[in-house]
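Worksheet for the structure shown next.
No value in this document is a laboratory result; all are computed from the given coordinates. Quick caveat, the model's predicted, so the values are computed rather than measured. With ideal geometry, Cβ positions are generated from the backbone for all residues, glycine too; neighbour counts draw on all protein chains shown.
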2 protein chains.
Amino acid sequence: MNEQRLPYVFRYEPQLQDIEQVRTLAESTGNFYPEEIVVAVQLVQEAVEHGAASGYQFVFADGPSGCHGYACFGHIPLTRSSYDLYWIVVGRAWQRQGLGRSLLEAVERRVRAAGGTQLFIDTSGRDQYQATRRFYEAQGYQQAAILPDFYAPGDPKIIYSKKL
Amino acid sequence: MNEQRLPYVFRYEPQLQDIEQVRTLAESTGNFYPEEIVVAVQLVQEAVEHGAASGYQFVFADGPSGCHGYACFGHIPLTRSSYDLYWIVVGRAWQRQGLGRSLLEAVERRVRAAGGTQLFIDTSGRDQYQATRRFYEAQGYQQAAILPDFYAPGDPKIIYSKKL
């Protein structure tokens with residue numbers, strides 16, 4: 001699917017209404033724990049309040065009915081040119097149409113333009129995240145590490161990475 | 001070397017003067033980049049200002065002439081019971097006397113007492129950190145992951161972990 005064919009406008013500046021939009025998007029997926037959603041919302045709040053000093057950067061995909069998906073990423077402190085993808089969320093109603101891929105590609109373009117050379121993604125090894133892991137692998141990300149029992153007993157962290 | 005034989009008092013509450021003491025300790029080692037020292041100091045400042053809400057916990061080893069070493073650790077957000085060791089520093093004049101081990105053991109006791117089940121330590125794969133890596137390995141930490149070029153090209157991140 002080609003980004004140009006999607007009816008989305010990509011936007012990089014978080015706005016006040018994104019705080020609630022991100023909460024709604026994350027809740028719609030059914031994929032996140034409540035405490036995870038709290039953190040996702042906090043990152044938007046910090047960026048709205050402190051701008052670039054927050055360390056968080058965003059790509060919002062605005063569609064016909066508000067924001068349909070977003071990604072949050074940032075430079076990893078104390079590294080030369082490594083970046084982390086903190087969140088990527090597509091609202092349940094708009095999944096499986098290539099928006100996740102377009103968002104991730106937009107993140108990669110922003111990171112490259114800022115001189116970033118590597119993007120890391122932490123995700124869970126739980127069954128529930130299998131489609132997510134396949135998605136990252138299809139976008140060229142490789143498993144760089146598995147940390148057993150990281151999130152909880154039986155719930156490992158998987159670190160994906162891609163050279164940009 | 002037995003902790004009881006060391007002339008240190010362990011203290012867990014950061015105080016205002018620790019901000020400068022931590023800067024002096026970190027600088028004395030010759031091991032950290034200036035921007036790393038800035039971050040080490042920031043974590044103490046945040047804990048002095050916001051207490052436990054900062055997410056940073058400490059062990060300070062007060063000796064005959066002020067603070068001789070310290071460690072900074074904390075619960076990893078969104079994990080059940082995983083902790084990170086963020087910093088462990090022994091001032092150059094007091095190295096090679098077992099204080100690092102005592103500090104790390106004190107951290108492990110604090111983490112266990114709080115219900116923590118695993119402690120992670122990120123460190124660099126640079127030659128300069130070889131003694132540091134041997135130290136962690138001697139304390140029972142295992143290499144859980146190597147992320148090539150993480151800190152900079154040719155400077156990998158090594159993640160150590162230990163079940164507590």
Exercise. Place a +1 charge on the Cβ of each Lys and Arg in the protein assembly as shown and a -1 charge on the Cβ of each Asp and Glu, then give the dipole magnitude about the Cα centre in debye, rounded to the nearest 20.
Key: 980 debye
Quiz item: Residues with amide H under 5 Å of A:SER124's amide H, sequence separation 5 or more or different chain, H placed in the peptide plane at 1.01 Å from N; which?
Solution: A:ILE158
Quiz prompt | Neighbouring partner chain Cβ atoms per residue of B:75-81, average, 10 Å criterion | solution = 5
Quiz item: Hey, what do the phi angles of region A:131-137 turn into as Karplus ³J(HN,Hα) couplings, whole Hz, using 6.51/-1.76/1.60 and θ = phi - 60°, x for Gly and Pro?
Solution: 5, 4, 5, 4, 4, 4, 5
Self-check item: Proxy reagent accessibility, fewest Cβ within 10 Å first, across A:VAL111, A:VAL9
Solution: A:VAL9, A:VAL111
Self-check item: Farthest positive-ward along chain A dipole, Cα basis, beta-carbon charges - from A:ILE146, A:ALA71, A:GLN97
Solution: A:GLN97
Quiz item: Can you give the alpha-carbon Rg of region A:3-163 over 2.2 N^0.38 Å, where N counts its residues?
Solution: 0.99
Quiz item: How much of the DSSP beta bridge set in the protein assembly as shown is antiparallel, as a percent to the nearest 5?
Solution: 90 percent
Quiz item: How much mean residue ellipticity at 222 nm does the protein assembly as shown get from its helices, if each DSSP H run of length 4 or more adds -39500 (n - 2.57) and you divide by all residues, to the nearest 500 deg cm²/dmol?
Solution: -10500 deg cm²/dmol
Quiz item: Efficiency by 1/(1 + (r/R0)^6): what FRET value for A:ALA138 and A:GLU46, r their Cβ-Cβ distance, R0 = 41 Å, to the nearest 0.05?
Solution: 0.85
Quiz item: Roughly how many debye, to the nearest 20, is the charge dipole of chain B about its Cα centre, given +1 on each Lys and Arg Cβ, -1 on each Asp and Glu Cβ, and no other charges?
Solution: 680 debye
Self-check item: Length-normalised contact order for chain A - Cα pairs under 8 Å, 6+ apart - percent
Solution: 18 percent
Quiz item: If you take the alpha carbon radius of gyration of region B:10-73 and divide it by 2.2 N^0.38 Å, what ratio comes out, to two decimals?
Solution: 1.03
Practice problem: Divide, for the protein assembly as shown, the radius of gyration over alpha carbons by 2.2 N^0.38 Å, where N is the residue count. | Solution: 1.07
Quiz item: What FRET efficiency, computed as 1/(1 + (r/R0)^6) with R0 = 25 Å and r the Cβ-Cβ distance, is obtained for A:ARG109 and B:TYR129, rounded to the nearest 0.05?
Solution: 0.15
Quiz item: In peptide A:156-162, what is the residue-averaged number of other protein chain Cβ atoms found within 10 Å of each Cβ?
Solution: 2
Quiz prompt | Using θ = phi - 60° and Karplus 6.51 cos²θ - 1.76 cosθ + 1.60, couplings along region A:62-69 (whole Hz; Gly, Pro as x) | solution = 8, x, x, 10, x, 7, 9, x
Exercise. Report, for A:GLU27, each distance to the same residue's label point in the other copies, shortest first and in nm; define the point 7 Å along Cα→Cβ.
Key: 5.1
Quiz prompt | Partner chain coverage, peptide A:141-148 - average Cβ within 10 angstrom | solution = 3
Quiz prompt | Chain B Cβ-axis minimum, rotational copy A, residue and distance in Å | solution = B:ALA145, 2
Exercise. Name the long-range amide H neighbours of B:ALA144: under 5 Å, sequence gap of 5 or more, or other chain; modelled H, no Pro or chain starts.
Key: B:ILE159, B:TYR160, B:SER161
Self-check item: J(HN,Hα) series, region B:8-21, from Karplus relation 6.51 cos²θ - 1.76 cosθ + 1.60, nearest Hz, glycine and proline x
Solution: 10, 10, 8, 9, 10, 9, x, 10, 3, 6, 5, 4, 6, 5
Quiz item: By counting other Cβ atoms within 10 Å of each Cβ, how are A:VAL22, A:VAL48 ranked from fewest to most?
Solution: A:VAL48, A:VAL22
Quiz item: Taking R0 as 35 Å, what's the FRET efficiency between B:GLU13 and B:TYR33 from their Cβ-Cβ distance, rounded to 0.05?
Solution: 0.80
